[in-house]
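Accompanying notes for the structure given below.
The values are calculated or read from the model by the stated rules, or taken from the named source; none is laboratory data. Keep in mind that what you see is a predicted model, and the values were worked out from it rather than measured. Cβ atoms come from the backbone with ideal geometry, glycine included; neighbour counts cover every protein chain shown. Surface areas here come from the heavy atoms of the whole protein model, side chains and all, with no ligands, DNA or RNA. Shrake-Rupley method; radii C 1.70, N 1.55, O 1.52, S 1.80 Å.
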Amino acid sequence: MTNLLLQKVLYYVKAISTLFEGTSIIHESCEAWKFGPVFPSVYEKYKGFGKQEISINLSDKYVNGLLSEKEKQITDFVLNTFGIYSAWFLKDLTHCEEPWLDARSGLDENDASRNTMDENLIIDYFERMNKLYNLKTVEGVDLYVKEMKKRIHQKL
């Protein structure tokens, strides 16, 4: 997992967890950077890896205590749905979504930005998408991604 992919997976964990839990399991705000949503503290922690895969050695005991069972289930769900795509595809996907677009209003797609993404807009957007696609299911996420791929190809 690269830092770029980690940022996108964390963004979808933040968004999708609100559907399962009513609130996000990630409390840090994300920013609308050039390559999609970014959690600055996580970026800073792993930026030394550059474009390479993040490689750290943690004990099983430490790792097993990081997340609750529900948090593990949500994280696994996101990894098995959104996490199966490349970091670059997920970047393109976020670039078609209202929360990232809203935070970058008035900016060119290639402009640098540290604009914070609106938490309420993230929740609202994914609740609306959940009503359309049932994002709490693998099939629903697959359908959402399929529809969003059409938007991505239209932008190209």
Worksheet item: Among the residues of the stretch 1-38 satisfying the criterion of being aromatic (Phe, Trp, Tyr) and under 23 Å from residue 51 (Cα atoms), which is surrounded by the most Cβ atoms within 10 Å (Cβ to Cβ)?
Response: 11
Worksheet, complete the sentence: Of those in the stretch 39-48 that are open to solvent by 70 Å² or more (accessible area, probe 1.4 Å) and in contact (Cβ under 8 Å) with a residue 40 or more places away in the chain, the residue nearest to residue 116 (Cα to Cα) is 43
Discussion item. If a residue must be more than 20 Å from residue 95 (Cβ to Cβ) and of a type in the set (A, V, I, L, M), how many such residues does the stretch 126-149 contain?
Written reply: 1
Worksheet item: Going through the stretch 49-69 one residue at a time, which ones are part of a helix (DSSP H, G or I), open to solvent by 80 Å² or more (accessible area, probe 1.4 Å) and not polar (S, T, N, Q)?
Response: 60, 61, 62, 69
Practice prompt. Might you check whether a residue that is of a type in the set (Phe, Trp, Tyr) and over 24 Å from residue 20 (Cβ atoms) occurs anywhere in the stretch 88-104?
Written response: yes
Discussion item. When you scan the stretch 41-62, do you find a residue that is closer than 21 Å to residue 150 by Cα and of a type outside the set (D, E, K, R), even just one?
Written reply: no
Practice prompt. Scan 140, 106 and give me the residue that is more than 18 Å from residue 36 (Cβ to Cβ), among the small types (Gly, Ala, Ser) and out of contact with any strand residue (DSSP E or B) (no Cβ under 6 Å at 6 or more places or on another chain).
Written response: 140
Practice prompt. Just give me the residues in the stretch 25-48 being in a loop (DSSP other than H, G, I, E, B) and not aromatic (Phe, Trp, Tyr), in sequence order.
Written response: 25, 26, 27, 28, 29, 30, 34
Discussion item. I need the helices (runs of 4 or more DSSP H) fully contained in the stretch 82-156, keeping only those with at least 2 residues that are over 23 Å from residue 28 (Cα atoms) and open to solvent by 70 Å² or more (accessible area, probe 1.4 Å).
Written reply: 119-133, 138-155
Fill in: First in the stretch 65-85 and over 13 Å from residue 141 (Cα atoms) and touching a residue at least 24 places away in the same chain (Cβ under 8 Å), second anywhere and open to solvent by 50 Å² or more (accessible area, probe 1.4 Å) and part of a loop (DSSP other than H, G, I, E, B), Cβ under 6 Å, 6 or more apart
none
Worksheet item: Do we have any residue at all in the stretch 121-130 that's acidic (Asp, Glu) and closer than 24 Å to residue 79 by Cα?
Response: yes
